[in-house]
Structures are given as structure tokens and as C-alpha cells.
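The values are calculated or read from the model by the stated rules, or taken from the named source; none is laboratory data. The structure presented is a predicted model; accordingly, all values stated were derived computationally and were not measured. As a convention, Cβ positions derive from the backbone with ideal geometry for all residues, glycine included, and neighbour counts pool all protein chains shown. Quick note on the areas: whole protein, heavy atoms, side chains included, nothing else; ligands and nucleic acids left out. Shrake-Rupley method; radii C 1.70, N 1.55, O 1.52, S 1.80 Å.
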Amino acid sequence: MSSTTVNEAPQKVSLSRVLGPGHVWALGVGIVLVGEYTGWNFAADKGGTLAAMIICWVIGLLYTSVAMIDSEVTSTVAAAGGQYAQAKHIVGPLMAFNVALYLVFAYTMLEVSNAILVADTIKSYAGEDFTYWYHSGIEAAVIVVLAALNYRGVLMTLNVNFVITAIAFIAIIILFFSVQPWSQGAILKLGDMVTPENALPYGWLGVIAGFHWGIWYYLGIEGTTQAAEEVRSPARSLPYGTMAGMITLLVGASITWYVCASLMPWQYLGSTVYPLLDAGRLTENKTLEYMMFIATVLSALASANGCINDAARAWFSLGRDRYLPSWFSAVHPKYRTPYRSIIFLVPIAIAFAFISDINQAITFSILSGVLHYTFMAINIMMFRKKWPLGSIRRGYTHPFHPLPAIVLFILCVVTYFAIFLGYGAQLTAMVVFYIIMSLWFHFYRYQYVKRGDQFTMPWPKPQGY
Amino acid sequence: MAKYTPPQQDKTLQWVDIIVVVLAIFAALWLPLKMGWAGNSKVLEKIDNPTWETLGQTAAQVAQWNKLGYADAAAAHDIIQNKWDYTINWTQLIILAVALIGYFVFLFRASDKEYREVIDEKFNGK
Amino acid sequence: MWNTIANIGWALSAALALWMIYDWWKTDSTYSEATLTSSREGEIEAVSEKHKV
């Protein structure tokens, strides 16, 4: 393999630092915004329309905690792999291995659900003769074209994401103002759709059960940290981009709920795959409908694009530390991307796009997400204990510690219970999978890992060791 | 403390590792789909000859159903009457709780053991 | 129209997949494995970020 290179000291290649705060926003919001276009509404299915709104804000609190905690840790540990590198420096190698798997699972399954969403959306217009073959063709194109874009370089990838994410977000705003939100009864009929009888059809248990899908309003915002190694000034750009992203999403989620809840009976809202597109249809304005069609597709593309970026970075980091064969840690000398990891994940994504349906793919993604947030709550406690304030320079220090961590932890426990209500077997299967992988790593794979080399930050020794 | 030198991993073994991981991923994701474990606690509460009234829809709601392409109550019946069954299966809940807690306990304890080696080699081994 | 677009999707996927595999093969045979896997975590930070109080 190496025969063609002259035998000098091997030239160094690394990822390139080219991104600014706008790209961080585009990566975070790009991944998540599709949640407004599909997925969040399944919370209405599990608990009713009012539950979906309560959840939107409670889970918003969970994610504000995530964003605050994440900003502090990541502005200090800025490496590709994001939370993976954090776990490695703060908790330990096995935790890091698991975190990387959470990331790869969460993002790959999110990418899969995006591909399915694009195909389903098109199918709703294409009619009966749009068979499985055509459906799969759209899914394959979404995954492969975006993978190729990612392969060619991160700057172009995230520039594209910035543009399409912005369009998809503006579409929600335009829809909001076109339905005259100030005059209920003209187009919006919140009082008719949500009545005291149907607001919480399953009572408060339904609200808890809905937490599961509430995650989908925001899942992936923490993905901004994956870009850490490619951002020009991570200590500043990452907190800024992540917080700006969180604000964008809170606004987007509230507007989306208001418009959709005012237009659809809750049973329909809970079962549709594209609530915002349906909202566009229900305005009976063709321009709005087509705008929402395009925006739905664009939001899914932006999300899949960001997911490919993030999943590949996490997989790449695993190879770099030899947690997986180091073959995966190759960087393309010209495009400066983790090209082998990008290619490796393509067939896996395509396979699942062909065999699963959208809410199953989303559930897989959510499960890994919640395991990940549980880790984050404990991680920040350990971070503050091992390196108290003042012992190292932090780019950002989050306020009210340990309140956000405690809130995050409690909400995670509630969400496990919520997933259990309806998806218990799937949750148990996932946990068993992670247990098996952990045993495999701890007792077998870890022998190939260099010990001291894993700790790469120029920090002092942690307290208590 | 002596620096730990990992053994060289054979090319073939590297491939075996990759295949193991891929197989595990497929087993974890595909098996629940195949076995129909995913989201299976919904029950269709059938109503014979449904009307919009028996389905509990008001006139304003019916207007929206019509605009969405559901011309009569029968068409919307399956969506409206497909309900969640939130009866808690305590055995299953306890199994899940034990698995989850056991997983996290093992995760943090084993990580800590490995972490101590890392810190030892990085900071004390000099 | 959508069916044609889906077919173009298949063709595009195949073409780009082939391009990626070709480029991957070309890259792997042009550069040594040591060069390709020379990226190390934290190396850039060591230069740009100083963790001094």
C-alpha cells in the first residue's frame, strides 16, 4: 500500500480549522430543525396536543441544561468526537467508547429517518405507482449525495447546511405570519381543535409518556461539539453557536406547536409524518403548501448532512485512539475529511433506510440520545470535582451549578420511563446491546489501546488521583 | 509504573473486530424490528359503522379531516381509535430498571479502573 | 415526474458511490498508511489553546 511514497518522515495530515460560529449554528440547528417538520407531533399521539406543548417547554429546559453543560465542557475539551473526547478525559475509556457509540447510533438513525422522511414526503405527492423501488431510490440518493458532499470537505458541507437550514427556518416564520396568528378563528382554530375533553386524552400519564417524542424537538443540538477540531476558535464559537441554536429552536418549536395545534385534530396530528406540510395544506393556499413541501425536504437534507458529518467524526475518533481499528482514523490529504469513516457508515445507513419505518428509526435515535444525556449530567459533576473552577482555563463557565445537572438527570429518568411506556422491549434490547459492547470492549478490545496517550489535553493532574 | 505497550493487532483480526461491531449494530437495530417489539402496545378499539359523532369529532374538526382527504368517518376510524395501552407491566419495568442501573454501575466502575491506569501512566509514570 | 426523479436518484447514487470508492482507492495507494493516519487528538490545541490560569 505504502510503496509509492518516498521514505521520508511521514507527512502529517489533520482535519482543517476553517469553520466559524455561523457554521456551528448551521450544524446544530440543521440537524435538529427537521424535528419540527416531523417527529415532535408523535408526542401528541402519546399524550394529546396540550401534552405536546407542555413537553415542548419542559424538554426545552432539559436541552437548555444540555447546552449550558456542554458549552462549558466543550469550550475546554475541544476535539473532534465532542462528548467522546470529554468522556475520555473526565470519566474513562469505557465510558468514552459507549458515548461514541451513542453518538454514532443517534446520528446514523437520525440520518436514516431523514432519508425516509424525504421519500415519504415525495410519495405523498407522487401517488400509487411510486413503488418501493422509487422510494428506495430517493433514500439512496439522499444518503449517497450528502455523503459525497461530506467527503469533499467540511467547509462546503456546512455552507450548504447554513443556506438550507436558514430557508427551512424562515419557511416556518412565513407560515406563522401567513395564518394570521393574531386573529384566532380566521384560519387558526385552536379552541375547536383542542377542547377540555381532548386536551389530555390519557391524563398526566400521557404527558409523561410523550416526553419520549418531546426529545425530538431538539435532539442533536449537542452535535455542535463534533466540529470542535474544525472550528477556528472553539472556546468562543461553540458556546455561542450552540446557545444561538437553542434560542432558534425554542422559537421554532413554540411556533410550530401553535400553528399545527390550531389546524389539526390531535389524532391526526399524532399520526402524520409531516405536520408542517399538512399545516401548509390546511391553509388551502397552494404557495404556502409548496413552500412547506420544499422546506420539509430541505430540513431533512440539512439534518442528514449534519448527521453524516457528526457520526463520521465520532467513528473517526474511535479509530484514532484504537478503540476500533486505527484504519478508520485516516484523514483525506486533499479534502481533510475522515473519508474512510464517512464511506463506512454509508451502507449501514442505506440498509436501515430500506428496512425500517420512520418512527422506529427515530426511537432508536432517541434512546441513544437519552443515554447520552444521562452521561452528560454525571460528567459535569465529575468535571467540576476533578478540575475545580480556577484549576484550568474554561472558555465558558455555566451558571447555577449543580442545578442544570440535577434537572437534566431527573428529566432523563422520567424520559426512560416515558420510552418504557410503549417502547419498553426496544429500550431493553438497546440496553442489552450496550452491555454486550461494553463487556467486549473492557475485556477484549481495550488491550490494543495505548494507555497514557489517550489523555491529550494539556491539563494538570485531576484531583483525587 | 511501566509504560503499557499494546500488542500489534493482525490485519485479519482488525477486520474481525470491524465485522463483530457491524454485526452487533445490526442485531441491536434489526432484531427489534424483525420481532415486532417496536411500539407494539397500541390497541385498535373498533367501533362498528363509525360516524363522526361516535368518534367524538366536532363539526370544526370534521371540516379539517375533510380537507386532509378523509371524506367519511370510516376512513379516519383506524387513526382515531388506535389507542395506547399504558398499563404498566411491573416485571418488565423492574427488568429494565435493573438492566439500566447495572449497565451504568458497570460502566462507571470499569471506566474508573481504566482511567486510573491512564492517569498513572500520563502523570506518575514520568 | 417523481418516478423519473427517483430513477435519476439511483443513477446519481451509483455514480457518486463509484467516485468515492475510486477516490478512496486512489488516495490509499498514493499516500502511505502512516501519513493518512497521522492525525492526533489535541495536537492543534497544544498550539492554539493555552490552558493556563
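Taking the listed residues A:Ala115, A:Ala147, A:Ala126, A:Ala141, the one that is open to solvent by 10 Å² or more (accessible area, probe 1.4 Å) and modelled with pLDDT of 95 or more is A:Ala141, with no other qualifying. Counting only residues that are closer than 22 Å to B:Val43 by Cβ and more than 8 Å from chain A (Cβ to nearest Cβ), which one in region B:71-80 is surrounded by the most Cβ atoms within 10 Å (Cβ to Cβ)? So, considering only residues that are closer than 22 Å to B:Val43 by Cβ and more than 8 Å from chain A (Cβ to nearest Cβ), the one surrounded by the most Cβ atoms within 10 Å (Cβ to Cβ) is B:His77. Scanning region A:441-461 for residues that are away from chain C (no Cβ under 14 Å) and open to solvent by 40 Å² or more (accessible area, probe 1.4 Å) yields A:Phe443, A:Tyr444, A:Gln447. None of A:Leu389, A:Leu367 is in a helix (DSSP H, G or I), modelled with pLDDT under 95, among the aliphatic types (A, V, I, L, M) and closer than 22 Å to A:Val91 by Cα except A:Leu367. Screening the candidates A:Tyr217, A:Tyr240 for the property of being under 19 Å from the mean Cα position of the chain (by Cα), buried (at least 24 other Cβ atoms within 10 Å of the Cβ) and hydroxyl-bearing (Ser, Thr, Tyr) yields one hit, A:Tyr217. Against the conditions (1) closer than 24 Å to A:Met243 by Cα; (2) at pLDDT below 95; (3) assigned to a helix (DSSP H, G or I), A:Ile378 satisfies every one except (2). Can you find even one residue in region A:92-101 that is in a loop (DSSP other than H, G, I, E, B) and crowded, with 23+ Cβ neighbours inside 10 Å? For region A:92-101, residues in a loop (DSSP other than H, G, I, E, B) and crowded, with 23+ Cβ neighbours inside 10 Å: present.
Applying a threshold of 6 Å to beta carbon distances and a minimum spacing of six or more residues, or different chains, the list of pairs starting in region B:13-34 at a residue that is at the interface with another protein chain (Cβ under 8 Å from one of its Cβ atoms) and ending at one that is among the small types (Gly, Ala, Ser) and open to solvent by less than 60 Å² (accessible area, probe 1.4 Å) reads B:Pro32/A:Ala429; B:Pro32/B:Ala38; B:Leu33/A:Ser356. Of the set (1) in contact with a His (Cβ under 8 Å, 6 or more places away or on another chain); (2) closer than 30 Å to A:Ala87 by Cα, all apply to B:Val118 but (1). Looking at B:Lys83, is it out of contact with any Phe, Trp or Tyr (no Cβ under 6 Å at 6 or more places or on another chain), under 23 Å from A:Pro275 (Cβ atoms), at the interface with chain A (Cβ under 8 Å from one of its Cβ atoms) and open to solvent by 40 Å² or more (accessible area, probe 1.4 Å)? No: the conditions fail for B:Lys83.
Residues that are part of a loop (DSSP other than H, G, I, E, B), at the interface with chain A (Cβ under 8 Å from one of its Cβ atoms) and open to solvent by 70 Å² or more (accessible area, probe 1.4 Å) occur in region B:38-45; there is at least one. When residues in region A:247-257 are screened for being among the hydrophobic types (A, V, I, L, M, F, W, C) and crowded, with 24+ Cβ neighbours inside 10 Å, 3 of them pass. With within 30 Å of B:Thr91 (Cβ to Cβ), more than 14 Å from chain C (Cβ to nearest Cβ) and crowded, with 20+ Cβ neighbours inside 10 Å as the only criterion, which of A:Asn359, A:Asn379 stands out? That would be A:Asn359, the only listed residue that is within 30 Å of B:Thr91 (Cβ to Cβ), more than 14 Å from chain C (Cβ to nearest Cβ) and crowded, with 20+ Cβ neighbours inside 10 Å.
Taken over region B:52-68, residues that are open to solvent by 60 Å² or more (accessible area, probe 1.4 Å) and more than 9 Å from every other protein chain (Cβ to nearest Cβ) amount to 3. When restricted to residues that are open to solvent by 50 Å² or more (accessible area, probe 1.4 Å) and part of a loop (DSSP other than H, G, I, E, B), region A:186-200 contains 4. Filtered by the rule that a residue be under 30 Å from B:Tyr4 (Cβ atoms), open to solvent by 20 Å² or more (accessible area, probe 1.4 Å) and within 9 Å of another protein chain (Cβ to nearest Cβ), region B:86-108 gives B:Gly102, B:Phe104, B:Phe106, B:Phe108. When each of C:Ile8, C:Ile21 is tested for being open to solvent by 80 Å² or more (accessible area, probe 1.4 Å), over 24 Å from A:Ser75 (Cα atoms), over 21 Å from the mean Cα position of the chain (by Cα) and at pLDDT 90 or above, the lone residue that passes is C:Ile8.
Only one of the numbered conditions (1) crowded, with 20+ Cβ neighbours inside 10 Å; (2) within 19 Å of the chain's Cα centre (by Cα); (3) over 30 Å from A:Leu101 (Cβ atoms) is violated by A:Val179, and that is (2).
Mind checking which residues of region A:383-402 are touching a residue at least 24 places away in the same chain (Cβ under 8 Å) and either closer than 29 Å to A:Trp57 by Cβ or open to solvent by less than 50 Å² (accessible area, probe 1.4 Å) (or both)? Scanning region A:383-402 gives A:Phe383, A:Lys386, A:Trp387, A:Pro388, A:Ser391, A:Ile392, A:Arg394, A:Gly395, A:Tyr396, A:Thr397, A:His398, A:Pro399. Could you list all residues from region B:109-122 that are at the interface with chain A (Cβ under 7 Å from one of its Cβ atoms) and either surrounded by 15 or more Cβ atoms within 10 Å (Cβ to Cβ) or over 21 Å from A:Thr456 (Cα atoms) (or both)? Within region B:109-122, B:Ala110, B:Ser111, B:Asp112, B:Glu114, B:Tyr115, B:Glu117, B:Val118, B:Ile119, B:Glu121, B:Lys122 qualify. Note on region B:11-30: residues that are open to solvent by 90 Å² or more (accessible area, probe 1.4 Å) and among the aromatic types (Phe, Trp, Tyr) total 2. Of all the listed residues (A:Leu367, A:Leu282, A:Leu301), the sole one being touching a Lys or Arg at 6+ places or on another chain (Cβ under 6 Å) and aliphatic (A, V, I, L, M) is A:Leu282.
Screening the candidates A:Ala228, A:Ala235 for the property of being modelled with pLDDT under 90, small (Gly, Ala, Ser), closer than 30 Å to A:Ala85 by Cα and touching a Leu at 6+ places or on another chain (Cβ under 9 Å) yields one hit, A:Ala228.
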